Structure formats: structure tokens, C-alpha cells
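Notes follow once the structure below has been shown.
The values are calculated or read from the model by the stated rules, or taken from the named source; none is laboratory data. Values in this document were obtained by computation on a predicted structure and should not be read as measured data. Using ideal geometry, Cβ is built from the backbone for each residue, glycine included, and neighbour counts are taken over all protein chains shown. Each accessible area value is taken on the protein alone, full model and side chains, heavy atoms only, with ligands, DNA and RNA left out. Shrake-Rupley method; radii C 1.70, N 1.55, O 1.52, S 1.80 Å.
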Amino acid sequence: MANFLITGARAPVALELARNLFRDGHIIYMADSLAFPLAKHSKCVKKTFRITAPKASLLLFKNDIKSILKQYNIDVVIPTCEEVFYISAVKPDLEPHSTIFCPDFNLIKKLHSKHAIYCAAKNTGFSNPNTKILSGAALLAKKIYKEQVIKKEFCRFGTGVLIEPNFCDVLTLVDKQLEQQFIIQNKVKGIEYSSYAIANNGVVLFDSIYTSKHKVKMGAGIYFTPVINKKISVAIKAFCKKNNITGQISFDVIENAQNIYLLECNPRATSGLHLLSANSLSSAFLEKRHTPTCENEFKTPKMITLAMLLIGLPIALKNAQFKQWKSDYQAATDVISVKNDRSFILFSLLSLFEIITISIKTLTSLRAASTFDIEWDGEDFDDQ
């Protein structure tokens, strides 16, 4: 039996992971800078700590976590959301007290960069969709962007991404940041897949590949259909071996008849974790020896029901696709409300209300408000 500290308790994947580890008999603690993070409500969680937001003060964030590790004898820390970058940055100060399950900072920065990732992916089976890095000024000088995709070097959930934009769209994206780095790459066609993997010392112990049929615009998925794709799975294993990955890692790719094009890498948990719920995952975080990689043992899609109702349904009605939405909705199971745990109907609304409040106060979208205090986009850290 081990003591786990899972950070990013606001994320559905953190809730999924807490339930999985609890089922194996472990003790689960959670931490987040929000007052009502989603996973806090689960009976699988022994205690939830409200900690300093890392973007507000990295030093206080580090000290809060260190205090928890020492007082509660935490064996393993598992970051699940954007706070992983800050935890990686202070990892040397935390490691004397616990195993920190994420890559070292120099590597995680490379994985997060939409340009540096292609060096890490070379000769692993992933292809580069003819990618260049330009300053904002050089990007604006091009003026025409037909068959091209523009991205910020550091971005997430599809934000900061433009597909075949006009000049005004690019001007808005650059927003007077003429020296900032942006990515420009050829638009590729094919089938888009997402993946999630847990690796330890370069060995992939669990992985899942899936499609996201319903999304928040072109960003984060809210409906996840598992698939088997041997070529992508082989590339994931080769990437993790080459870069000696220890941590959770996810890829978005487009596959066509010629190649598997890497769109981006997220060195954290993503929704593919939900598709591994039938597996016992604790060994991947506790053991360094090789264990057999699982395959998706079921074909049932997973969904975030509240998001499917509040976001997916209006989009389906607008596009005259209600019949398909209804069929998909009936075929999937919810990742939030499950048997053998508390009801999350009211608590999900409470968590959502907190994000809405933040959105209003910060004059940002709900997506931006959901990670406003834990995002890292390549900036220097003010304090350690």
C-alpha cells in the first residue's frame, strides 16, 4: 500500500486516476489551487489540500507541496494537469521526499514546445509536417497562409491555433508580440487520433489511442472512442524509449496513407486515461520493471456527460446532427458519475460555477479560466 498525492484535482483524469489507485488499496491525497476541484468530492480521496497557484508564486507552491509530502509520507506525486511544468521545475527540491512522476524540466520543456518536439521525435516513426519557427514579425510579413497552420510555440486545447487563417486572424494572434516565437507548418490531411501513455524509464507500460468525435470547438475532446492502431502504438514506444520518458505523455497525430504526422505532445494526463479504467495502473507508478502493455479491453466510448449536454448538444442542434448526437450519447458511459462513488451531479455544477466565476473576474473564456492559474507558456520563473 502506497500514499499517492495527485495534483490537478480539477481534471476528470485526476478523478479517474484516484479511483483506479484506490481500487488497488492505496491511500489517495489530492491537491489543487481551486476551492472546489472535481475530484475533491470522491469518496476515494482521503484528503484534498488547497495550495498556492504556481503561477502566483512558484516558491509558495513548492513549499505547500513539500509540506504535504513530509507530513503525510507521500510515496509518489502524480501531476495530471498543466501544473506538471511547475512541479517539474521544482522536482529536484521535492525528490528527497517522494518519487515525482514526471520528466525533468529540460525534457518537459522540449516536449511542450511545438517546435522542439520534432527533434525529440526524429527517427521514432512520427513525421514532421514541414514545420518552421518564425517571429511574430516574420509571420506577419508572409501575409498569405493558404494550406498552412499557425500556432503559438506553447499552447494547449487547440487555443492559439489557426488553420488557413487570413491576415487579420494572424494579426490578432500575434497581438503586437513581434519577437514571440510562432510555428507555421503545412496543413496535412488524414484521420486525427489522440493517445495517452504511462512510461517508466523509457518503457511504455500502458497506452490508449482514441478519436474525439465531439469537441469544444476544435479544442479539447468531450467524447472518446477507443481504437487499435499498431503503427501509432509502435511510434509511441519508440519515442518514449529514445527520450527515456518517465511520466504520463500524450500525442495528437494525423495519419494518412504515407505517414503519421505529429501535431503536438502533451507531457501530462489526457482523456485517454479514461479508456484504461479496467486496468490496474498502480504498478506503472510504483515499479520500474517491465510489465506487459495493455490493449483496450473494451470498445465502449467514454464521455463527459455534462459537457455533452451543455456543449455537444447545442452544437449538434445547430448543425442538424441531433440524431447522431443521441446515438453517440446512448452508446457511451460517463467518466464522472460511476457506481461505487458519490453522486457528482450537484458537485460538478459547483465546480463549473467556480470556473464561471473565474471567467467573469478575469474576462476570459471558460477554457482559459479552467487553467489560468497553472498554465506555463515558456516564461522564465520569477521565484524558486
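How would you rank 239-252, 85-98, 19-32, highest first, on the average number of other Cβ atoms within 10 Å across their residues?
Details: 239-252: 21.9, 85-98: 18.4, 19-32: 20.2.
Result, highest mean first: 239-252, 19-32, 85-98.
Just subtract the alpha-carbon distance of LEU349 and SER365 from 0.36 nm times their residue separation and send over the number in nm, one decimal.
Length gained between LEU349 and SER365: 4.0 nm.
Which pairs break 22 Å Cα to Cα here: LYS189/LYS217; LYS143/LYS187; LYS55/LYS237; LYS176/LYS217; LYS55/LYS91?
Details: LYS189/LYS217 19 Å; LYS143/LYS187 17 Å; LYS55/LYS237 33 Å; LYS176/LYS217 26 Å; LYS55/LYS91 16 Å.
Violating the 22 Å Cα-Cα cut-off are LYS55/LYS237; LYS176/LYS217.
Just read off the accessible area of ILE345 with the full protein assembly in place, 1.4 Å probe, to the nearest 10 Å².
It works out to around 120 Å².
Along Cα→Cβ, 7 Å out, is where each label goes; now give me the distance between the ones at ASN340 and LYS231 in nm to one decimal.
3.9
So what is the accessible area of region 220-341 per residue, in Å², with the probe set to 1.4 Å? List each step's numbers first, then the result.
Numbers: 5760 Å² over 122 residues.
On a per-residue basis, 47 Å².
If you average 1/r over all unlike Cα pairs in region 23-160 and invert the result, what Kirkwood radius do you get in angstrom? Present the calculation step by step, with values, prior to reporting the outcome.
Numbers: mean 1/r = 0.0559 Å⁻¹.
This gives a value of 17.9 Å.
Mind checking region 316-384 for GluC sites (Glu not before Pro) that DSSP puts in a loop (not H, G, I, E or B) and that have at most 13 other Cβ atoms within 10 Å?
On the way: sites: GLU354, GLU375, GLU379; in loops: GLU375, GLU379.
Passing sites in region 316-384 are GLU379.
Loop-only check: which GluC sites (Glu not before Pro) in region 75-160 are DSSP coil with at most 11 other Cβ within 10 angstrom?
Numbers: sites: GLU82, GLU83, GLU147, GLU153; in loops: GLU82, GLU83, GLU147, GLU153.
Qualifying residues, ordered by number: GLU147.
On the protein heavy atoms, probe 1.4 angstrom, tell me the percent of accessible surface of the chain carried by carbon and sulfur.
On the way: 9650 of 17400 Å².
Percent of accessible area from carbon and sulfur atoms in the chain: 55.
Need the full-extension length gain, ASP104 to THR357, defined as separation in residues times 0.36 nm minus the C-alpha distance. One decimal, nm. Let's see the in-between values first.
Working: separation 253, 0.36 × 253 = 91.08 nm, distance 3.42 nm.
Value of the extension gain: 87.7 nm.
Full-extension gain between LYS318 and ASP380, please, as 0.36 nm times their residue separation minus the C-alpha to C-alpha distance.
Values: separation 62, 0.36 × 62 = 22.32 nm, distance 4.29 nm.
Extra length from LYS318 to ASP380 when fully extended: 18.0 nm.
For region 23-136, what does the accessible surface come to per residue with a 1.4 Å probe? Please give it in Å². Spell out each step's value before the answer.
Numbers: 4520 Å² over 114 residues.
On a per-residue basis, 40 Å².
Over 23 Å between Cα atoms, which of LYS110/LYS242; LYS302/LYS323; LYS152/LYS215; LYS152/LYS318 qualify? Write down the numbers at each step before the final one.
Numbers: LYS110/LYS242 14 Å; LYS302/LYS323 18 Å; LYS152/LYS215 20 Å; LYS152/LYS318 30 Å.
Violating the 23 Å limit, Cα to Cα: LYS152/LYS318.
Once you put a point 7 Å from the Cα of MET1 and another 7 Å from the Cα of ASN244, both along the Cβ direction, what distance in nm separates them?
Modelled inter-label distance: 3.6 nm.
Could you rank LYS230, LYS40, LYS215 by how accessible they are, 1.4 Å probe, largest area first?
Values: LYS230 120, LYS40 90, LYS215 55 Å².
Ranking LYS230, LYS40, LYS215 by accessible area, largest first, yields LYS230, LYS40, LYS215.
Given a cut-off of under 8 Å on Cα pairs at least six residues apart, what relative contact order in percent is computed for the chain? Can you show the working numbers first?
Working: 754 pairs, mean separation 70.5, N = 384.
Here the relative contact order equals 18 percent.
Which aspartates and glutamates have a Cα lying under 13 Å from the Cα of LYS132, excluding residues fewer than 8 positions away in the same chain?
Within the straight-line limit of under 13 Å, LYS132 reaches these aspartates and glutamates: GLU153.
Hey, which lysines would be in cross-link range of LYS43, C-alpha to C-alpha under 20 Å, not counting anything within fewer than 8 residues on its own chain?
LYS339
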